[in-house]
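Chemist: Structure provided below as structure tokens; questions to follow.
No value in this document is a laboratory result; all are computed from the given coordinates. Since this is a predicted model, take the numbers as computed values, not measurements. Methodologically, a virtual Cβ is constructed for each residue, glycine included, from the backbone with ideal geometry; neighbour enumeration extends over all protein chains shown.
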Amino acid sequence: RIVYLNGAFLPENEAHISIFDRGFLFGDGIYEVTAVLDGKLVDSDLHMTRLKRSVREIGGELPISTDEIVAIERKLIAENALNEGVVYLQYTRGAEDRDFLYSEDLPPTLLLFTQQKTIAHAASAEKGIRVKTVPDQRWARRDIKSICLLPQVMAKRTAKAEGCGEAWMLDGDYVTEGASSTAYVMTRDGRIITRGNSQVTLPGCTRLAILDLAREADLKIEERPFTLEEAMDAQEIFLTSASNFIAPIVEVDGQAIGTGEPGPVYRRLRQLYIEHARKTAI
Ligand code: PLP
């Protein structure tokens, strides 16, 4: 695989990062994941906008423009002949002798690589995903796409131990989001509920696109927190993320949701999203 590191395209085994990189020592960095479908970037503008925001919120500065980043992503897709999968981008504050404070002129580390993954025909899109709930033990600025993912790693491990494919994070009775996805419930009278954006969750790029498509399809949307009880009583539940698009959740903590099968509203939204992705990918 060819990867990009600080201005150079290199074979992955020749790309090296300092042991003093602040991403490694402090988790002082942010990341972004963009889906690739038919060799093209999906919702690239949304991901570049969120990238700029994450970097700004940690007081950093991108070393190159987002147009240049998109050009690098496209070159990586071509070099690696990637048809479907993701492009991962990581920005860290850079490398220098260990100290909480850093030099203002420290050059950041910018790393990008591709990963092959089946998305459009993923088995989970038909089979559905089982969810396990866990307490949300993350920090208070979840709107920043921080590389500090230990709570999510632990949550996913707990979920997997129970045969579940995703963990839902709970703040008291309320669901904040999935460990790596935005959470939605659809009530028995057809209202789609998902949290509004705030510092409590990551503002999902797929969420933005899906909500636009749902509105265009005249579906009713409520942006507000929802409880685990509302989820258990829902007609359908689903999740969205760049690397899954939209996927159905068929079980929460061992209890079947709705019919226990992927529902019609999910199927419609998935079809609309894939059409949108194929039409607008660059
Ligand atoms: N919420 C969290 C905590 C995530 O990690 C992710 C994606 O990884 C999402 C939501 C979904 O965001 P997006 O649709 O931009 O991939």
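Chemist: As an exercise: evaluate residue 111 against (1) in contact with a helix residue (DSSP H, G or I) (Cβ under 8 Å, 6 or more places away or on another chain); (2) in contact (Cβ under 8 Å) with a residue 24 or more places away in the chain and give the number of the one condition it does not meet.
Modeler: Status for residue 111: all satisfied but (1).
Chemist: For the structure I just gave you, tell me whether residue 51 is part of a loop (DSSP other than H, G, I, E, B), surrounded by 15 or more Cβ atoms within 10 Å (Cβ to Cβ) and either within 16 Å of the ligand (Cβ to nearest atom) or not basic (Lys, Arg) (or both).
Modeler: Here the answer is no, as residue 51 does not meet what is asked.
Chemist: Now for a separate question. Return the residues of the stretch 252-275 that are among the hydrophobic types (A, V, I, L, M, F, W, C) and not in a helix (DSSP H, G or I); say none if nothing qualifies.
Modeler: Kept after step one, since they are among the hydrophobic types (A, V, I, L, M, F, W, C), are these residues of the stretch 252-275: 252, 256-257, 265, 269, 272, 274.
Hits for the stretch 252-275 are 252, 256, 257.
Chemist: Residue under question is residue 60, and the condition is that it be assigned to a loop (DSSP other than H, G, I, E, B) and in contact with a strand residue (DSSP E or B) (Cβ under 8 Å, 6 or more places away or on another chain); does it hold?
Modeler: Spelling it out, residue 60 is indeed assigned to a loop (DSSP other than H, G, I, E, B) and in contact with a strand residue (DSSP E or B) (Cβ under 8 Å, 6 or more places away or on another chain).
Chemist: Taking the options 237, 210, 221, 282, name whichever one is away from the ligand (no atom under 12 Å from the Cβ) and buried (at least 23 other Cβ atoms within 10 Å of the Cβ).
Modeler: Values: 210 fails: away from the ligand (no atom under 12 Å from the Cβ); 221 fails: buried (at least 23 other Cβ atoms within 10 Å of the Cβ); 282 fails: buried (at least 23 other Cβ atoms within 10 Å of the Cβ).
Of the residues listed, the single one that is away from the ligand (no atom under 12 Å from the Cβ) and buried (at least 23 other Cβ atoms within 10 Å of the Cβ) is 237.
Chemist: Whether any residue in the stretch 268-276 is touching a residue at least 60 places away in the same chain (Cβ under 8 Å), touching a strand residue (DSSP E or B) at 6+ places or on another chain (Cβ under 8 Å) and more than 17 Å from residue 182 (Cα to Cα) is what I want to check.
Modeler: yes
Chemist: Taking the residues in the stretch 172-194 that are within 13 Å of the ligand (Cβ to nearest atom) and farther than 13 Å from residue 237 by Cα as candidates, determine which candidate is surrounded by the most Cβ atoms within 10 Å (Cβ to Cβ).
Modeler: 179
Chemist: Taking the conditions exactly as written (within 15 Å of the ligand (Cβ to nearest atom) and surrounded by fewer than 19 Cβ atoms within 10 Å (Cβ to Cβ)), does residue 216 satisfy them or not?
Modeler: Values: within 15 Å of the ligand (Cβ to nearest atom): no; surrounded by fewer than 19 Cβ atoms within 10 Å (Cβ to Cβ): yes.
Spelling it out, it is not the case that residue 216 is within 15 Å of the ligand (Cβ to nearest atom) and surrounded by fewer than 19 Cβ atoms within 10 Å (Cβ to Cβ).
Chemist: Only one of 148, 164 is touching a strand residue (DSSP E or B) at 6+ places or on another chain (Cβ under 6 Å) and assigned to a loop (DSSP other than H, G, I, E, B). Can you tell me which?
Modeler: After ruling out the rest, the residue left standing is 164.
Chemist: Counting only residues that are in contact with a helix residue (DSSP H, G or I) (Cβ under 9 Å, 6 or more places away or on another chain) and in a helix (DSSP H, G or I), which one in the stretch 195-207 is surrounded by the most Cβ atoms within 10 Å (Cβ to Cβ)?
Modeler: Looking at the filtered set, the residue picked out is 205.
Chemist: Oh, and also: Restricting the stretch 26-36 to residues that are more than 12 Å from the ligand (Cβ to nearest atom) and crowded, with 18+ Cβ neighbours inside 10 Å, which is nearest to residue 122 (Cα to Cα)? Show your work before the answer.
Modeler: Of the residues in the stretch 26-36, the ones more than 12 Å from the ligand (Cβ to nearest atom) are 26-29, 36.
The next check asks that each one be crowded, with 18+ Cβ neighbours inside 10 Å; those that pass are 28-29, 36.
On the way: 28: 33, 29: 30, 36: 14 Å.
The extreme case among them is 36.
Chemist: So residue 155 ticks every box in (1) on the phi > 0 side of the Ramachandran plot; (2) within 13 Å of the ligand (Cβ to nearest atom) but one. Which box is left unticked?
Modeler: For residue 155, the exception is condition (1).
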